[in-house]
Amino acid sequence: MDPELEAFLALFPPAELSDPVEERKNFAALAAAIPVPEVADLVVEDRTVPAEPEVPIRIYRPQGAEAAVVWLHGGGFVMGDLGTEHPWATRVAAGAGVTVVSVGYRLAPENPYPAAFDDAYAVLEWTAKHAAELGVDPDRIAVGGHSAGAGLAAAVALRAREEGGPRIHFQLLNQPGLDDRQETWSARNFTDTPWMNRDKVSSIWTHYLGGADATPYAAPARATELSGLPAAYISTAEFCPNRDEGLVYAMRLMAAGVPVEAHQWPGTFHGSQAILSAEVSQRQIAELAAVLRRALAS
């Protein structure tokens with residue numbers, strides 16, 4: 001493990017998710033400790049997207065932004081909200097120079113699949129419909145996110161392709177959770193890794209699926225046809241149960257003719273980019289913004 005990351009392992013809570021309500025508090029406390037960068041020309045606005053029920057969103061508009069990303073927070077489908085994602089959405093907007101539409105989707109287990117997925121797709125449709133109001137090019141809209149949010153982004157891309165929905169220009173999938181089956185080497189063997197391990201992943205999918213069978217819109221790795229999807233950037237952490245499903249998905253996209261950039265970060269673990277003092281974390285965060293900026297350039 002990267003020595004700068006290893007020094008902080010004792011500060012991370014145990015990797016378990018038996019009590020979602022309590023873990024939400026822990027997750028919020030970790031997020032609150034992450035500093036929010038000061039960005040002078042960034043306009044931040046809270047709104048709601050009319051859906052059933054309404055979906056809260058937070059819009060980050062850098063001066064001169066002409067492209068947008070529908071951004072989906074991490075938290076295993078169980079934790080997280082607009083507030084916990086605020087430090088990261090701010091960094092993405094400022095670093096990439098694009099409008100970020102951060103989605104406060106409903107959480108499991110109170111709202112199992114397809115609640116979060118439907119919320120995410122409703123915000124994509126709203127963003128495309130309101131592109132002129134947002135000052136962005138409707139042909140330069142991306143989807144992206146961390147962890148469970150990255151899985152949702154991949155699922156939204158599948159649905160938009162299947163239903164002829166809004167054109168998605170790019171998908172940015174950071175440490176995505178894509179496969180409920182846990183059959184890869186990393187999913188089977190990473191039983192004691194920091195923050196995320198096999199047991200926690202099992203709990204995540206149990207909460208999210210709520211007893212229902214997984215479909216490709218719930219677990220995008222189950223999709224059999226990946227051609228025609230947007231170009232993608234997929235990043236994975238070395239000591240993460242989701243590592244191999246992300247890499248396999250990247251290879252399958254390539255085989256289907258989809259342009260893909262994949263980056264495996266050695267010495268890192270799931271969510272370790274939150275340790276901002278580590279050089280590798282700074283590189284990860286900078287790369288996410290740079291990739292998005294380049295992908296959405298005119």
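Nothing in this text is a laboratory measurement; each read-out follows from the coordinates by a stated rule. Please read all numbers here as calculations on a predicted model, not as lab measurements. Backbone-built Cβ (ideal geometry, glycine too); neighbour counts: all protein chains shown.
Over the stretch 3-295, calculate the relative contact order: mean separation of alpha carbon pairs under 8 Å at least 6 apart, over the residue count, as a percent. List each step's numbers first, then the result.
Numbers: 609 pairs, mean separation 53.9, N = 293.
Rounded, it is 18 percent for the stretch 3-295.
Charges only on Cβ, +1 for Lys and Arg, -1 for Asp and Glu: so what's the dipole of the stretch 9-140 about the Cα centre, in debye to the nearest 20?
Details: 9 positive and 20 negative charges, 51 e Å.
The calculation lands at about 240 debye.
So what is the relative contact order for the stretch 49-195, in percent, with contacts set as C-alpha pairs under 8 Å and at least six apart?
Numbers: 270 pairs, mean separation 37.3, N = 147.
For the stretch 49-195, the relative contact order is 25 percent.
Order by neighbour count: TRP265, TRP71, TRP88, fewest other Cβ atoms within 10 Å first, most last.
Numbers: TRP265 22, TRP71 30, TRP88 25.
Exposure proxy ranking, most exposed first: TRP265, TRP88, TRP71.
Tally Lys and Arg at +1 and Asp and Glu at -1 over the other residues with C-beta under 15 Å from the C-beta of LEU172: what net charge comes out? Let's see the in-between values first.
Values: positive: ARG91, ARG140, ARG293, ARG294; negative: GLU85, GLU261, GLU287.
The answer is +1.
How large is ³J(HN,Hα) for each residue in the stretch 49-57, as worked out from phi by the Karplus curve 6.51 cos²θ - 1.76 cosθ + 1.60 (θ = phi - 60°), to whole Hz, x for Gly and Pro?
9, x, 8, 10, x, 4, 10, x, 9
If you line up the Cα atoms of the stretch 1-93 on their principal axes, what length do they span on each, largest first, in Å?
41, 35, 19
Restricting to DSSP loop positions (anything but H, G, I, E, B) with no more than 14 other Cβ atoms inside 10 Å of their own Cβ, which GluC sites (Glu not before Pro) remain in the stretch 200-298? Write out the running numbers ahead of the final one.
Values: sites: GLU225, GLU238, GLU245, GLU261, GLU279, GLU287; in loops: GLU225.
Sparse-neighbourhood loop GluC sites (Glu not before Pro): GLU225.
In nm, to one decimal, how far is the modelled label at GLU54 from the one at GLU279, with both set 7 Å along Cα→Cβ?
Distance between the two pseudo-spin positions: 4.9 nm.
Tell me what the chain gives for mean residue ellipticity at 222 nm when only DSSP H runs of n ≥ 4 count, each as -39,500 (n - 2.57), the sum divided by the residue total, rounded to 500 deg cm²/dmol.
Values: 10 runs with 114 residues, N = 298.
Helices in the chain give a 222 nm mean residue ellipticity of -11500 deg cm²/dmol.
Note down the net charge around ALA154, summing +1 for each Lys or Arg and -1 for each Asp or Glu among other residues with Cβ under 14 Å from its Cβ.
On the way: positive: ARG159, ARG161, ARG222, ARG252; negative: GLU162, ASP179, ASP180, GLU225, GLU245.
Once positives and negatives cancel, what remains is -1.
For the stretch 27-74, state what percent of all Cα-Cα pairs lands in each successive 10 Å bin, counting from 0 Å until the bin that includes the largest distance.
Here the calculated profile for the stretch 27-74 is 19, 42, 34, 5.
Using a simple charge model, +1 on the beta-carbon of Lys and Arg, -1 on the beta-carbon of Asp and Glu, nothing else, what dipole does the chain show about its Cα centre, in debye to the nearest 20? Can you show the working numbers first?
Working: 22 positive and 38 negative charges, 96 e Å.
I would put it at about 460 debye.
For the stretch 43-186, what log10 I(q)/I(0) values come out of the Debye formula at q = 0.16 1/Å, with one point per alpha carbon and no solvent?
Once normalised to I(0) and log-transformed, intensities are -0.76.
When the Debye formula is applied to the Cα atoms of the chain, each taken as the same point scatterer, what base-10 log of I(q)/I(0) results at q = 0.12 Å⁻¹?
Listed by q, the Debye log ratios stand at -0.69.
Just add up the charged neighbours of TYR249: K/R +1, D/E -1, any other residue whose Cβ is under 14 Å from the Cβ of TYR249.
Around TYR249, the charge tally is -3.
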